[in-house]
1. Quick check: net charge around L71, other residues with Cβ under 14 Å of its Cβ, Lys/Arg +1 and Asp/Glu -1?
2. Go ahead and set up a Gaussian network model of the chain, Cα springs under 10 Å, then flag whichever of E162, E90, E253 fluctuates most.
3. Tabulate in residue order the Karplus-calculated ³J(HN,Hα) for segment 205-215, using 6.51 cos²θ - 1.76 cosθ + 1.60 with θ = phi - 60°, rounded to whole Hz; enter x for Gly and Pro.
4. Compute, for Y155, the solvent-accessible surface of its heavy atoms (probe 1.4 Å) with the complete set of protein chains present, and express it in square angstrom to the nearest 10.
5. Over the chain, calculate the relative contact order: mean separation of alpha carbon pairs under 8 Å at least 6 apart, over the residue count, as a percent.
6. For a test of the definition: using alpha carbon positions, the gyration tensor, and the 1.5 limit on a/c, classify segment 348-407 as rounded, prolate or oblate.
7. Just by accessible area at a 1.4 angstrom probe, what is the order of V369, V44 from largest to smallest?
8. Can you put L114, L218, L340 in order of accessible area, largest first, using a 1.4 Å probe?
Amino acid sequence: MTAPTSATDVNQPTLQPAAPTGRRLSWPVLLLIIAGGLALTSIVRLITGADGITNVSQMSTALQLAVPIGLAGLGGLWAERAGVVNIGLEGMMILGTWFGAWAGFQWGPWTGVLVGILGGAIGGLLHAFVTVTFNVNHIVSGVAINILALGATRYLAPLAFEGHTGGSAKQSPAVESLGHFTVPGLSDALRDLNNQGWFFVSDIAGLLGGLVTNVSWLTLIAVALIPGTWWVLWRTAFGLRLRSCGENPVAAESLGVNVYKYKYIAVVISGGLAGLGGVFLSIVANPFYLEGQVSGRGFIGLAAMIFGNWMPGGLALGAGLFGYTDSLNLRGGSANVHALLLLGALLLIIGAIWLVIRKKYAPSIITAVVAALVFAWYASTDEVPNQVVSATPYVITLIVLALSAQRLRMPKADGLPYRKGQGK
């Protein structure tokens, strides 16, 4: 990261920080990899007959399930780029679900969205107050936020929801829909093309069809926040100052940056984004608050952020992957997961070949053995147990993090204690 050379430079509104540098995939290479993955998935679909793995309905459900995970991950990105680890994303999402539903059933869904964001932001403010002002361990504070949010919503739910139509101690009354949109003509054309079952073309149609069919307006906002975050953090002076607090707060302070202020702003925004993810669960995914509906998505969002190497684009890919595997629970889960065993075996074989090319022979042998075991599982069974289907998103989370661990680089001062003036 290119830093300004003086305090005057820091305060110049025309400062244009450089884009993130380092070893990363170019867009043509990344698109080629994605196309290769889709082609391999199409081959598996044709071999297994599991058309559900790439149909429009599956992709539409995957997008809906990916949104709250992506928003939680985006919240984690804002906080950690400023140097604050936010394990409290789960609790902030819980606050978002409760506040969103509470305001939504009384004053309308869009009011619920705003109040839900505010609820998550309050959790972020509390986390910032404890970690930035009092320098409490970030993990301890995050866990405390999660416990506090769970306890507070469990206490408040009976008081707020009982006595209302459809309300109970664990569930809110129904919230009016925010509305959905479908691109006329294009949606039907892509669905028809997907139903043809052609190699690759039908799979592309299924993916694109899921993006233009029965999409919530809140989904559109969430997707726009991905490039919006990239632009703010990597193309503005404000973003440069914020990121400098996560890389070297002492140097940032020496250049006139108010490190405390930027950390507070980042963590409050982090909580607001996590709260928005919670709102999505209680207004879009389900039209009501339900105790326990976050179900660890805050932690999976944190995993998606790590998988994405603390970058918005990678985070979006991670959220999409986890949302897709989670969607298998809802649509043809057993048959689709069984087909994905073959896909996993093929990917492992490709990985083993790649390791041989890089002359890493021991890891390649281990990978090949695992590929053989996965293929044997696929060949010797016709379906997988429902317990495996339910565990698939969490297993994929662990596998992806394990495989990507060697290329990750967190902000240098992420989670480290900082006191104003400590560099003097």
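The values are calculated or read from the model by the stated rules, or taken from the named source; none is laboratory data. No experiment lies behind these values; they were computed from the predicted model shown. Counting neighbours? That spans all protein chains shown, and the Cβs are built from the backbone with ideal geometry, glycine included. SASA here: full protein model, heavy atoms, side chains in, ligands and nucleic acids out. Shrake-Rupley method; radii C 1.70, N 1.55, O 1.52, S 1.80 Å.
1. Details: positive: R297; negative: E90.
Neighbour charge sum, excluding L71 itself: 0.
2. Highest fluctuation of the listed residues: E162.
3. 4, x, 5, 5, x, x, 8, 10, 10, 6, 9
4. The accessible area of Y155 comes to roughly 150 Å².
5. Result for the chain is 29 percent.
6. On the way: a/c = 3.79, a/b = 1.47, b/c = 2.58.
Judged from the Cα gyration tensor, segment 348-407 comes out oblate (a/c at least 1.5, b/c at or above a/b).
7. On the way: V369 80, V44 0 Å².
So, going from the largest accessible area down, we get V369, V44.
8. Values: L114 120, L218 5, L340 40 Å².
From most exposed to least exposed: L114, L340, L218.
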